[in-house]
Amino acid sequence: MENAEYVDTIKGKLPLAEAAKMIAQDRSKREELFTESHVHKFKVQCYKRLICIGFGFCCIFASFFCLRGLQSSNSGDDPMLGLLTFACLTVLTWLGDLLSIQVIYYIRPKWCLVISSVPFILYAAANFYPSPFTLIPSALLTGVGIGMMWSSEGIYMINLAANYAMVSRKSLLEVIGKFNSVIFGMHMISGFIGNILGYAILSTGKDHSVGENFSVNNSLNENSTAVCGLDFYSSDQVARPLDEVDPGRKMILIAVVTGLAVIGCVNFIVFLRPLKTVKVTGNNNIIKIFSSFLRMFTKVEMWLLVPLMLFPGIGNSLMVADFTKVRRLRSL
């Protein structure tokens with residue numbers, strides 16, 4: 001058994017589990033345990049942890065999304081390596097979900113978040129020397145890391161929301177919805193930050209002659225409105241591979257996104273407080289978990305959800321494997 005997490009009450013420090021049990025038996029005891037100052041202090045602690053997780057996700061996924069948009073062009077000598085990298089990354093995400101149950105059981109959610117963020121650093125650093133021997137192993141580890149990260153985040157967030165709801169008289173579902181909106185909001189913002197970061201660094205000191213040639217070429221084809229996406233294949237004057245970019249700018253970009261992933265990992269280590277809840281024995285047998293996973297597909301409802309899962313996957317594969325590749329950063 002681990003030491004339970006304690007909270008300051010009128011009666012002194014009291015384990016949260018014990019306080020929750022007392023309140024569940026008699027709600028009037030809430031006033032006996034918590035003053036307004038205690039509740040305010042505990043709320044601030046919860047928000048600090050929530051922002052810490054959101055900030056870590058923002059840094060790590062900003063790094064990941066930035067590289068994702070360039071991976072199909074930064075693939076060394078093999079034009080299919082970028083696509084193969086993402087295939088490996090996506091395939092092993094489910095394995096991370098299954099492994100996370102056992103990992104979280106033994107090392108707790110905080111350190112699972114730390115461990116799952118390390119592959120993102122390796123994946124970013126592998127782009128310094130893109131080859132099958134660097135990108136594919138790092139992509140496999142990152143796929144496992146993504147599954148573990150989302151599982152540990154969910155467990156940490158739900159525990160945090162339960163404690164917050166118990167102290168503040170809020171509905172648990174209401175608190176979970178609020179906390180989820182913060183985490184997913186910062187996760188979605190990371191995509192914007194990552195892409196803007198890539199554009200800002202790679203467009204610095206661009207070759208203006210390319211822009212002039214593009215303007216001339218575009219003026220000669222005023223009737224053609226298709227000037228992006230797949231049609232960049234037909235314009236040799238504006239489409240240039242990432243390998244032809246100034247190596248210094250490309251290295252700066254990869255160094256920056258690697259640094260972002262490191263900041264996210266260090267943020268979890270230094271600023272995220274661990275959840276010291278009582279350990280409860282549960283079903284952490286990976287074989288039984290995998291069997292439960294397979295049994296889901298015996299239900300009709302699950303098969304009806306499969307197309308909804310495939311649709312965003314197909315859309316993402318088009319964007320990261322084909323559309324971003326043919327654009328090839330024309331401003332370089």
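The values are calculated or read from the model by the stated rules, or taken from the named source; none is laboratory data. In this text, all values refer to a predicted model and were calculated from it rather than measured experimentally. Note: ideal-geometry Cβ built from the backbone for every residue, glycine included; neighbour counts use all protein chains shown. For accessibility, only protein heavy atoms count, side chains too; no ligands or nucleic acids. Shrake-Rupley method; radii C 1.70, N 1.55, O 1.52, S 1.80 Å.
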### Among residues of region 154-177, those that are in contact with a helix residue (DSSP H, G or I) (Cβ under 6 Å, 6 or more places away or on another chain), under 22 Å from Ile289 (Cα atoms) and touching a residue at least 60 places away in the same chain (Cβ under 8 Å), counted
2
### Message
For region 239-259, give me each residue that is modelled with pLDDT under 55 and either open to solvent by 50 Å² or more (accessible area, probe 1.4 Å) or over 18 Å from Leu81 (Cα atoms) (or both).
### Response
Ala239, Arg240, Asp243
### Message
Would you confirm whether or not region 81-92 contains a residue that is over 22 Å from Ile289 (Cα atoms), open to solvent by 50 Å² or more (accessible area, probe 1.4 Å), touching a helix residue (DSSP H, G or I) at 6+ places or on another chain (Cβ under 6 Å) and not hydroxyl-bearing (Ser, Thr, Tyr)?
### Response
yes
### Query
Among all residue pairs at least 6 apart or on different chains, which show Cβ distances below 8 Å where the first residue, located in region 250-268, is over 10 Å from Cys59 (Cβ atoms) and the second is open to solvent by less than 10 Å² (accessible area, probe 1.4 Å) and not in a helix (DSSP H, G or I)?
Lys250/Asn74; Ile254/Asn127
### Query
Restricting region 293-332 to residues that are polar (S, T, N, Q) and either farther than 21 Å from Leu81 by Cβ or open to solvent by 80 Å² or more (accessible area, probe 1.4 Å) (or both), which is modelled with the lowest pLDDT?
Ser331
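Among Leu122, Leu140, Leu173, which is assigned to a helix (DSSP H, G or I), surrounded by fewer than 20 Cβ atoms within 10 Å (Cβ to Cβ) and touching a Cys at 6+ places or on another chain (Cβ under 6 Å)?
Numbers: Leu122 fails: touching a Cys at 6+ places or on another chain (Cβ under 6 Å); Leu173 fails: touching a Cys at 6+ places or on another chain (Cβ under 6 Å).
After ruling out the rest, the residue left standing is Leu140.
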### Message
Considering only residues that are of a type in the set (Val, Ile, Thr), crowded, with 16+ Cβ neighbours inside 10 Å and modelled with pLDDT of 90 or more, which ones fall in region 183-215?
### Response
Ile183, Ile193
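Which members of region 264-292 meet the condition of being open to solvent by 80 Å² or more (accessible area, probe 1.4 Å), of a type in the set (Val, Ile, Thr) and modelled with pLDDT under 75? Give the derivation first.
Filtering region 264-292 for residues open to solvent by 80 Å² or more (accessible area, probe 1.4 Å) gives 270-271, 273, 276, 280-281, 283, 287-288.
Subsequent filtering for residues that are of a type in the set (Val, Ile, Thr) retains 270, 280-281, 287.
Across region 264-292, the qualifying residues are Val280, Thr281.
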### Task
Quickly run through region 143-170 and pick out the residues that are open to solvent by less than 20 Å² (accessible area, probe 1.4 Å) and among the aromatic types (Phe, Trp, Tyr).
Tyr156, Tyr164
### Summary
The condition of being out of contact with any Lys or Arg (no Cβ under 6 Å at 6 or more places or on another chain), part of a helix (DSSP H, G or I) and over 20 Å from Ile263 (Cα atoms) holds, among Cys59, Cys88, Cys66, only for Cys88
